[in-house]
1. Suppose all protein chains stay in the model; what accessible area per residue would a 1.4 Å probe give for chain B, in Å²?
2. What are the lysines whose alpha-carbon lies under 26 Å from the alpha-carbon of A:Lys38, with same-chain residues fewer than 8 places away excluded?
3. Explain nothing, just compute: Karplus ³J(HN,Hα) = 6.51 cos²θ - 1.76 cosθ + 1.60, θ = phi - 60°, for every residue of region B:148-159 in order, whole Hz, x for Gly and Pro.
4. Just from its helices, what would the mean residue ellipticity at 222 nm be for chain A, if runs of 4 or more DSSP H residues each count -39500 (n - 2.57) and the sum is divided by every residue, rounded to the nearest 500 deg cm²/dmol?
5. Could you do me a favour and compute the accessible area per residue for chain A, 1.4 Å probe, result in Å²?
6. I'd like the carbon and sulfur percentage of the solvent accessible area for region A:2-83, probe radius 1.4 Å, heavy atoms only, ligands and nucleic acids excluded.
7. Using a 10 Å cut-off around each Cβ of peptide B:302-309, what is the average number of partner chain Cβ atoms that fall inside?
8. In peptide A:26-34, what is the residue-averaged number of other protein chain Cβ atoms found within 10 Å of each Cβ?
Amino acid sequence: MKESQNTNNIVYDIRGQICPSCLLFTLREVNTKRHALKNEGVTIIIKTDNRNATTTIPEAVANMGYLATVEKREEGYYQIEIMAPPQ
Amino acid sequence: MEPAIYTIIVFNLALGITGGFIMHRSDFCVAGMFRDFFLFRHSAMLRALLLLILTSMILFELGRRLGIIRLYPFPLLGSPSLVNLAGGTIFGIGMVLAGGCVVGTLYRMGSGSVTSAAAFVGLLIGSGVYAEIHPWWKGFATQFLFQKDNITLAQAIAADPGLVLLPCILGGAFLTGLWTKQEKWDQSSMVSGYMQPWKAALLLALLGFLSYLVTGMPLGISTAYAKMAAFMERLVLPDHVAGLAFFQELPLNYIIPFTGTPLTGGAGPNLDGIAFIQFPLVIGIILGAFVSAVLVREFSIYVRIPARQYISALAGGILLALGSRMTPGCNIWHLFGGLPILAMQSLLFLAGLVPGAWIGTILLSRLILTVPREAAE
């Protein structure tokens, strides 16, 4: 599921997954990686084809104090980037 | 075949395509409405469901009073039994595990979801399993039957349907006004071609009303799964299928209101009334969602999914089929059709569906992932 990682980005491809695992999975990963997100400038990138997740994920991570952007990719899925707000 | 049958096939195909398109654009998932309420306390989609039920209630009652709805209550509804409650509970668990109900499975499959395809297979398997236990279950249903010969709440208390519906309509109108004042209808969304759930609710209520006008019944598709299972099983075990009581019964036996054409049908492997009414809806919903997904360039088939999600969808599909046959009837039939006329079977189905969806949500969250409590709230 974890597709790639470089110093600043952790990419998860969760396309095709049963509802609501996109949101549950993302919440777990954001919670697990909270130190890296807040202190190391890491961005979590979620690839999803779940239309509903493009609303629920940004709302949920905003409640946890993170920023989220949603972008539609040409391949037909949505990319959600989650990061800590600037200090 | 008579021209009236061709008309119904074409009409229901059009209804299905329109419905599939609407549901894909708005992600109108009944399973998700209940699941997300229990899991995250999200109630926006439940509001849309209430709007759909309220609108259908008003349209059906208007149609009855104007005399354009002639079959009231509609065919295939029966007297209530406690098995409606049990069936609703099993259905509720199944729809959450499957990631969609009998219709959600179709529109998601139309947009390329392979887990929904697994749920679809589960629906066929579950329908076949039910056929084996039908005589035994039917005994239960008869034993726990009450209010014999009464179908709706109005019939049970010997009152005018309008009088019984009035408090519900007034209560629903009050809530609708309140949520309008609180600006709770519009949902923010970044997705292409998004349709607001309240618009989808109104349009789906209109489709249900049109179905009731033309075919004499609101939307329903779950017997089609049983029929598909019967056709497939007959290829392998023809003698066994021929001997199963469930596949011999013809619960649909009525006259199409506008044409006067008699129509009969059941779950057996025959091209009968159920096939003419429900197969076009099934095909239409898949096709409508497919067209919608292609137009927004989101049709994709992605198979790299954890095995337990496939298992969950398959098991959920089996439970969906068992629940819809044990009730009998699915969530679309009861929530979009029976509840608006306060059919007692539908009220019991809903009373079972809610705890079922709650149990399904617990199973799903433990089966797939654990939720960090502080994150979910």
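The values are calculated or read from the model by the stated rules, or taken from the named source; none is laboratory data. Bear in mind that the values here come from a model prediction, so they are computed numbers and not experimental data. Quick reminder, even Gly has a Cβ in these numbers, built from the backbone with ideal geometry, and neighbours come from all protein chains shown. Just the protein is used for accessible areas: all its heavy atoms, side chains included, with ligands, DNA and RNA removed. Shrake-Rupley method; radii C 1.70, N 1.55, O 1.52, S 1.80 Å.
1. Numbers: 15230 Å² over 377 residues.
On a per-residue basis, 40 Å².
2. List returned: A:Lys2, A:Lys47, A:Lys72.
3. 4, 6, 10, 10, 9, 4, 4, 5, 5, 9, 6, 10
4. On the way: 3 runs with 29 residues, N = 87.
That comes out to -9500 deg cm²/dmol.
5. Details: 3820 Å² over 87 residues.
Solvent-accessible surface per residue comes out at 44 Å².
6. Numbers: 1400 of 3330 Å².
Result for region A:2-83: 42 percent of the exposed heavy-atom area is carbon or sulfur.
7. Working: counts 8, 2, 6, 7, 6, 0, 2, 4.
The per-residue average across the peptide is 4.
8. Working: counts 2, 9, 5, 2, 2, 6, 1, 0, 2.
Across the residues of A:26-34, the mean count of other-chain Cβ atoms within 10 Å is 3.
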